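The values are calculated or read from the model by the stated rules, or taken from the named source; none is laboratory data. What you see is a predicted model, and the numbers here were worked out from it, not measured in a lab. Backbone-built Cβ (ideal geometry, glycine too); neighbour counts: all protein chains shown.
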Amino acid sequence: MGVDGGRHVVIMGPQGAGKGTQAALVAPRLGLIHVATGDLFRQVMASDSELGREIRRYYDRGALVPDELTLRMLMERLDAVKQEHPDARGALIDGFPRNQAQAEALDRAMAERNERIVAVVHIAVPREVLLERLSGRLICATCGATYHRLFNPPKQAGVCDVCGGQLYQRSDDTPEAVERRLAIYYEQTEPVLRHYTEAGLRIDIDGNQPIEAVTEAILAALRPRVEAA
Ligand SMILES: [Zn+2]
């Protein structure tokens with residue numbers, strides 16, 4: 001990374017928007033390292049570090065991990081990325097910040113390190129489309145094969161192609177459950193998006209198009225910001 005530290009990008013989007021897929025596709029093409037906080041939690045808890053033990057204490061109680069710990073975990077990872085990938089421009093941060101307090105804490109941490117967030121990509125997908133994508137999942141009760149009502153339907157409704165078992169819908173995947181999860185997401189991220197709009201960093205990408213088209217749109221929007229000297 002350059003002498004003035006990393007040039008990082010944050011990627012945001014609701015469940016079902018294809019955020020993780022897109023992050024993995026675009027990061028290498030932009031000279032960024034994909035850093036997903038979901039993976040980080042799993043890695044750090046599997047490690048025997050002090051931070052890992054501290055985070056596990058919250059997990060084991062089913063409690064929310066405090067923002068401060070999550071931020072510390074992220075910053076330690078960014079330091080490690082710098083060591084491991086000296087030629088990378090920065091990180092593509094996926095999964096953080098999730099609320100306004102986290103966004104403000106991230107700003108402060110970046111300023112202290114003389115690093116910067118140069119763009120925040122938000123993959124936007126209409127709520128109805130997300131509902132359709134997320135609430136169509138079906139699982140075979142016998143062999144665990146998965147289907148989708150619209151995108152990958154079984155040959156015979158309700159019956160597994162592989163084993164003839166009965167298909168069911170997990171309670172997390174019902175339209176009501178999906179609707180609830182999306183409502184929470186929008187409520188928490190609205191202030192974060194506003195925060196980054198005011199900072200001039202927000203880039204909205206239409207996520208309601210084929211995967212390749214979304215990838216190209218993200219690359220076209222990010223290149224000038226990430227590659228700028
Ligand atoms: Zn089956």
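Filtering the stretch 104-157 to residues that are polar (S, T, N, Q) and either under 25 Å from V9 (Cβ atoms) or at pLDDT below 95 (or both) leaves N114, S135, T146, N152. Scanning the stretch 74-89 for residues that are surrounded by fewer than 17 Cβ atoms within 10 Å (Cβ to Cβ) and touching a strand residue (DSSP E or B) at 6+ places or on another chain (Cβ under 9 Å) returns E84, H85.
Apart from one condition, P191 fits all of (1) in contact with a helix residue (DSSP H, G or I) (Cβ under 6 Å, 6 or more places away or on another chain); (2) modelled with pLDDT under 95; the exception is (2). In the stretch 144-167, the residues that are touching a residue at least 40 places away in the same chain (Cβ under 8 Å) form no Cβ pair under 9 Å with any partner that is of a type in the set (S, T, N, Q) and in a loop (DSSP other than H, G, I, E, B), whether six or more places apart or across chains. Restricted to the stretch 74-172, the set of strands (runs of 3 or more DSSP E) holding at least 1 residues that are more than 19 Å from the chain's Cα centre (by Cα) and within 16 Å of the ligand (Cβ to nearest atom) comprises 137-140, 146-148.
Among the residues making up the stretch 33-73, those that are outside any helix (DSSP H, G or I) and either surrounded by 15 or more Cβ atoms within 10 Å (Cβ to Cβ) or not aliphatic (A, V, I, L, M) (or both) are I33, H34, V35, A36, S47, D48, S49, G62, V65, P66. Residues that are within 22 Å of Q15 (Cα to Cα), at pLDDT below 95 and of a type in the set (D, E): does the stretch 213-221 have at least one? No, the stretch 213-221 contains no residue that is within 22 Å of Q15 (Cα to Cα), at pLDDT below 95 and of a type in the set (D, E).
Scanning the stretch 185-229 for residues that are surrounded by 17 or more Cβ atoms within 10 Å (Cβ to Cβ) and among the acidic types (D, E) yields no hits at all. In this entry, Q22 is excluded by the filter for residues that are in a loop (DSSP other than H, G, I, E, B), among the polar types (S, T, N, Q) and within 30 Å of F151 (Cβ to Cβ).
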